[in-house]
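Enquirer: Sharing a structure, written as C-alpha cells. Questions coming.
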Amino acid sequence: MALFTITTKRKKICNGVQIEPGMSVQVVSPFNNPVTVNGGQAVEDAFIRMFGISLKKANALNMSELDVKKQ
C-alpha cells in the first residue's frame, strides 16, 4: 500500500462549495491513483473528514482539479 497526497490546484466555487488552492489530504491506497479508482471515494471521504466539503458536489473530483503525489 502506498501513501498519496492529494492537493487542490485552484480556487473553485460551485454548488455552494468553496475550494481553495493548496487544500491537501493524505490517502492510503493499494492502487496507482486513488482519484480514478472506485469513483474516488477514498479521496471524497478524506476531504469530508478534513474540511467538511464534498468534491463530488463541487464537481472537482477529477485529475484536472487535483494533484496526486505518491509519497
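Enquirer: Compute the helix-to-body angle for 41-51: its Cα long axis versus the longest principal axis of the chain, expressed 0 to 90° and rounded to tens.
Expert: Taking Cα atoms only, the helix is inclined about 60 degrees.
Enquirer: Each label point is 7 Å from the Cα along the Cα-to-Cβ direction; what then is the distance between the points at N38 and K12, in nm?
Expert: My value for the distance between the label points is 2.1 nm.
Enquirer: Follow-up question, since we're still on this one. From Cα pairs below 8 angstrom and at least 6 apart in sequence, can you work out the relative contact order of the chain, rounded to a whole percent?
Expert: Numbers: 122 pairs, mean separation 29.2, N = 71.
With pairs under 8 Å counted, the relative contact order is 41 percent.
Enquirer: Give the label of the value calculated from the structure for Cα extents along the principal axes in Å, choosing from (1) 33, 26, 16; (2) 34, 21, 20; (3) 43, 19, 15.
Expert: (2)
Enquirer: Within 10 Å, count the other beta carbons around each residue, average over each peptide in 15-21, 53-59, and list them highest first. Display every interim value, and only then the final one.
Expert: Working: 15-21: 13.0, 53-59: 17.6.
Order by mean packing, descending: 53-59, 15-21.
Enquirer: If you don't mind, another one. In the chain, how many lysine pairs have Cα atoms under 16 Å apart, counting only pairs 8 or more places apart or on different chains?
Expert: On the way: K9/K56; K9/K69; K11/K56; K11/K57; K12/K56; K12/K57.
Close lysine pairs found across the chain: 6.
Enquirer: Along the Cα-to-C-beta direction of D45, a point sits 7 Å from the Cα; which residues of the stretch 1-28 have their amide N less than 12 Å from that point?
Expert: Flagged as within label range: 27-28.
Enquirer: Output the peptides 34-42, 62-70 sorted from most to least packed, where packing is the average of other Cβ atoms within 10 Å over each peptide's residues. Could you put the intermediate results ahead of the total?
Expert: Working: 34-42: 16.6, 62-70: 13.7.
Taking the mean over residues of other Cβ atoms within 10 Å, the ranking is 34-42, 62-70.
Enquirer: DSSP loop trypsin sites (Lys or Arg not before Pro) in the stretch 1-55 with at most 12 other Cβ atoms within 10 Å of their Cβ, which ones?
Expert: Working: sites: K9, R10, K11, K12, R49; in loops: K9, R10, K11.
Those that pass, being in a loop and sparsely packed, are R10, K11.
Enquirer: What does the helix-only formula give at 222 nm for the chain: each DSSP H stretch with n ≥ 4 adding -39500 (n - 2.57), the total divided by the residues, and the result rounded to the nearest 500 deg cm²/dmol?
Expert: Values: 1 runs with 11 residues, N = 71.
Helix contribution divided over all residues of the chain: -4500 deg cm²/dmol.
Every read-out reported here was derived from the displayed coordinates using simple, explicitly stated rules and does not represent laboratory data. Not measured: the values here are computed from a predicted model. Reconstructed Cβ throughout: ideal geometry from the backbone, glycine too, with neighbour counts over all protein chains shown.
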